[in-house]
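Below: the structure, in structure tokens.
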């Protein structure tokens, strides 16, 4: 099976997943305490106004009908109107999506740049002081909450030393790299700690594997043994973990984007929740679910590139 | 040659005073129980043990000492002059790389052949070890081969750069009985064709009898007896060799309980002061527990480390 067929098959399999996601979102929003119509109508609305809003939102119809409307509108790309932003949910999300994607990719790249080399140094010096230092530092990083690290970085690097902006997004690619550096590093410190630990133990395990012994007995250059034989094999388990961490990392953007005042989907989600902007919450949740599914798909594809045993017949 | 491993501040002597030589075209069998140091011996020769422990003494290879040799210089000998094959064909090949690449990288490291020539040589090697349609199989991955075929691939890789000495660490133990003989024959045939010395680690005395010129018996990190195969197997002089011979079931009626050497080998952190085999030995005398018997020449080409060696007649009886 070619990888293209595989991708289509996987995309096709995402349909039932999304149906379930939509059921859950639909029910979740309706189980939340509070009436969206009351929230929308504001404090001084009369009962008649609220009833009118209910009817306009279709809340007076049976649940099944409501769900059908939600489903068919979503499939057509219509996620409803945001109460908070006074605009189409789709438009709002399309506007904010690139920022969050940029932040996520940036964080992942930084995580790998931090975790990869350090994992190698730690694994090759296993049990000696470089290993101990690296592991201790990461242990500390891992045990501190992301928002706390973010605040510390903001206070020192941005507010006091004025090395970085305290918020915002920037317009050009370079400006974005600069503006989003602190939030990305904040997220990356946590993610890289997880990746580093996993990669380190994977490398240690692979270093003792018989095929690496065999590669050494063949008299191959050290660089080739590490790059071709050790790293590739060690990456297999780490890639899975990385995929899962990216999923985690996306929900982490709620905190990071808020702390660093980045106008992305995470911060929007928080605002939407506070404003009880149900259409927006639904749309954002759906978008996050879509992104995470795509990340998992890419993880699987990368893994099958890496490991021939995973290639499907 | 001595190899010591360290564990939490404690020195574990895995090999002590192991000494033997192999000449061109010779097949030396290295036998002993699990944990007696057979594999460590091979790994110490080819320089794999130095990453895990402390190797002292000498490994003389064509006038040079491999023990003190820097890694870089050693790599010119590993795979090119001395090659090693491992026990487990399932885990000794990198699962992520095609067999073609794994063969080719050895050639790349040790020869000046062009890319095309390396490919031709790889096909030639696979043909040599008896892999059908070698050309198509270059781009296959290890999991697409059976155990026996993988062992053939490993032999092809090890021998690609025409080494002068092959270290074979129980190359047939993990294979089906029917395949074992084929692989052994293949190794010996290629060794003969390439005029290559072989150190064959095994615990199968039948294999030793059929294939080796000389044999060294190891116990608790030492060689306790060595000499020509015919002599050692026909007239074993060390009580441990006698015990090993007796534990090979031969012409036994069904349901007879099998003989095994009584007791267990000593652990490396609690080796007895005298002969390591003394606690299990029926012929143990007073001096055995006090002093360590040196490996000494008792007859032409025959060395035994025992104060009270079995005589020829007793040996026959065993």
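All of the numbers you see were taken from the coordinates with simple rules; none came from a lab. Owing to the predicted nature of the structure, the values given are computational and were not obtained by experimental measurement. All Cβ positions, glycine included, derive from the backbone under ideal geometry; neighbour counts span all protein chains shown.
Where does chain B land at 222 nm, in deg cm²/dmol rounded to the nearest 500, when only DSSP H runs of n ≥ 4 count, each adding -39500 (n - 2.57), divided by all residues? It lands at -9500 deg cm²/dmol. Here the calculated FRET efficiency for residue B:234 and residue B:11, from their Cβ-Cβ distance with R0 = 35 Å, stands at 0.35, rounded to the nearest 0.05. Rg of the Cα atoms in chain A, relative to 2.2 N^0.38 Å, amounts to 1.21.
Given N residues in the range A:3-79, what is its alpha carbon radius of gyration divided by 2.2 N^0.38 Å?
The value comes to 1.48.
Of interest is the spacing of the C-alpha centroids, which for the range B:58-104 and the range A:189-248 amounts to 21 Å. Divided by 2.2 N^0.38 Å, where N counts the residues, the Cα radius of gyration of the protein assembly as shown comes to 1.35.
Listing B:133, A:111 from the residue with the fewest other Cβ atoms within 10 Å to the one with the most, what is the order?
B:133, A:111
Counting only DSSP beta bridges whose two residues both lie in the protein assembly as shown, roughly 55 percent are antiparallel. Helix A:181-207 and the longest principal axis of the C-alpha atoms of chain A enclose an angle of approximately 40°.
In chain B, one over the average inverse separation of all distinct C-alpha pairs is 20.9 Å, which is the Kirkwood hydrodynamic radius. Once the Cβ-Cβ distance of residue A:144 and residue A:94 is raised to the sixth power relative to R0 = 30 Å, the FRET efficiency obtained is 0.30.
One quarter of the surface of the convex hull around the alpha-carbon atoms of the range B:118-160 equals 2.6 nm², the direction-averaged projected area. Overall form of the range A:185-313: prolate. Here a/c, set by the Cα gyration tensor axes a ≥ b ≥ c, is 1.5 or more, and a/b is the larger of a/b and b/c.
Helix B:115-128 and the longest principal axis of the Cα set of chain B meet at an angle near 50°.
Convex hull over the alpha-carbon atoms of the range B:85-152: what's its volume per residue in Å³?
Per residue, the Cα convex hull of the range B:85-152 comes to 85 Å³.
The calculated Kirkwood hydrodynamic radius for the range A:97-253 is 17.0 Å, given to one decimal from all distinct C-alpha pairs. Between residue A:132 and residue A:9, the C-beta separation translates, for a Förster distance of 35 Å, into a calculated FRET efficiency of about 0.15. Working from label points 7 Å from Cα in the Cα-to-Cβ sense, the residue B:90 to residue B:185 distance is 2.6 nm. Between the helical axis of A:47-57 and the longest alpha-carbon principal axis of chain A there is an angle of about 50 degrees.
Each principal axis of the Cα cloud of the range B:186-292 was taken in turn, and the coordinate range along them, longest first, works out to 49, 37, 25 Å. Label-to-label distance for residue A:304 and residue A:51 is 5.7 nm, based on points extended 7 Å past Cα in the beta-carbon direction. Each 10 Å bin, from zero up to the one with the longest distance, holds this percent of the alpha carbon pairs of the range A:85-137: 21, 27, 19, 14, 13, 5. This ranking places B:225, B:81, B:289 by how few other beta-carbon atoms lie within 10 Å of each, fewest first, which gives B:289, B:81, B:225. P(r) tail for the range A:133-199: Cα pairs beyond 20 Å make up 36% of the total.
Remark: A:250, B:84 ranked as A:250, B:84, counting other beta-carbon atoms within 10 Å and listing the fewest first.
Distance between the modelled labels on residue A:156 and residue A:109, one decimal in nanometres: 2.5 nm (7 Å Cα→Cβ projection). The range B:230-318 gives an Rg/Rh value of 1.00, both radii derived from C-alpha positions and Rh following Kirkwood. Subtracting the Cα-Cα distance of residue B:114 and residue B:247 from 0.36 nm times their residue separation leaves 42.7 nm of extension gain.
For the range B:99-195, the normalised intensity computed at q = 0.13, 0.22 Å⁻¹ comes to -0.42, -1.19 (log10 of I(q)/I(0), Debye sum over alpha carbons, equal scatterers, no solvent).
Over chain A, dividing the summed -39,500 (n - 2.57) contributions of all DSSP H runs of at least 4 residues by the number of residues returns a 222 nm mean residue ellipticity of -24500 deg cm²/dmol. Reported to the nearest whole Å, the Cα centre-to-centre distance from the range B:196-225 to the range B:136-171 is 22.
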